[in-house]
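The values are calculated or read from the model by the stated rules, or taken from the named source; none is laboratory data. Since the model is a prediction, treat every value here as computed from it, not as a measurement. Cβ placement follows ideal geometry from the backbone for every residue including glycine, while neighbour counts extend to all protein chains displayed.
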Amino acid sequence: MSQPLSFQQPTIVIGSADAAAYLSQMDIAIEHVVDAIETGEIQAANLTEHHPPTGAGLTRWIHVVGRLRHLLAGTNQWEGRNHRNRPFSIWADDSYTLSIVGGNEATGIADHPTGPLAANRKGKATSEAVNSTLPLITVETLLGGGSTDDAEGWKSRPPRGAWFLLYHRDSESIRLEVSLPLGFDDGQFTGWKVRVILDEWRPEVVTARPNDIGGGDVDFEVAEAI
């Protein structure tokens, strides 16, 4: 199925120095993101070689999702939803959604030529979340909410849409960004409208990296047996 048409424009990259102010417009606090990432690291590090190979990555994702959604709900501006069993949070007036995805090694690298991909291909629920917002962005552009010649407008205010916290567990740190996809096709992001780069997070004591390079999140549907 073809994607809705959208206006192509260069990716807007918000550096870590401006990230807090930018994200605050969506009531996303960096300290909440860091808290969730730290929670996921602690839980993933508790697993041993006796657990399934995918255990650390899945454990990390589960706890990052749970902790961040709990903290977002505490702001009274976000509400947790589980459409098609895909967990995400939605902003008070439905302008934004936020989901959590493990990213590949490009995650959190501001000058990467393409930006990150999901560490694991995603499913129909993620595709619907991303692509269903593209018509909104296009109409917003036509009405003057943004322009292909006005990147400064999107630098000053976050566009509406399905945003993602992406994280990548490297050897000694976790790289992070909160970003808005350009599109989604065949299980992967096809580019980025806006990337908000956060400072990498380092644990106080660096231990061996759990076996979850890039993350082990899941995207599935539960269907009733016939």
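In this structure, Gly74 does not satisfy being in contact with a Gly (Cβ under 8 Å, 6 or more places away or on another chain) and either at pLDDT 95 or above or closer than 18 Å to Lys193 by Cβ (or both). Taking first residues from the stretch 9-22 that are under 10 Å from Ile197 (Cβ atoms) and partners that are in a helix (DSSP H, G or I) and among the β-branched types (Val, Ile, Thr), the Cβ contacts under 8 Å between residues at least 6 apart in sequence or on separate chains come to Ala19/Ile30. Within the stretch 96-111, being in a loop (DSSP other than H, G, I, E, B) and either in contact with a Phe, Trp or Tyr (Cβ under 7 Å, 6 or more places away or on another chain) or exposed (fewer than 15 other Cβ atoms within 10 Å of the Cβ) (or both) holds for Thr107, Ala110, Asp111. When we screen Thr59, Thr39 for residues that are over 24 Å from Gly191 (Cα atoms), assigned to a helix (DSSP H, G or I) and touching a His at 6+ places or on another chain (Cβ under 6 Å), the only hit is Thr39.
Against the list (1) modelled with pLDDT of 70 or more; (2) touching a helix residue (DSSP H, G or I) at 6+ places or on another chain (Cβ under 8 Å), the condition Val205 fails is (2). Among the residues here, Gly115 qualifies as in a loop (DSSP other than H, G, I, E, B), small (Gly, Ala, Ser) and modelled with pLDDT of 90 or more. Among the listed residues Asp170, Asp186, Asp212, which satisfies the condition of being modelled with pLDDT of 65 or more, among the acidic types (Asp, Glu) and on the phi > 0 side of the Ramachandran plot? After ruling out the rest, the residue left standing is Asp186. May I ask you to list the residues in the stretch 118-129 that are in a helix (DSSP H, G or I) and out of contact with any Lys or Arg (no Cβ under 9 Å at 6 or more places or on another chain)? Residue satisfying the conditions is Ser127 alone.
Of everything listed in (1) crowded, with 16+ Cβ neighbours inside 10 Å; (2) within 17 Å of Val196 (Cβ to Cβ); (3) touching a residue at least 60 places away in the same chain (Cβ under 8 Å), the single unmet condition for Gln25 is (1).
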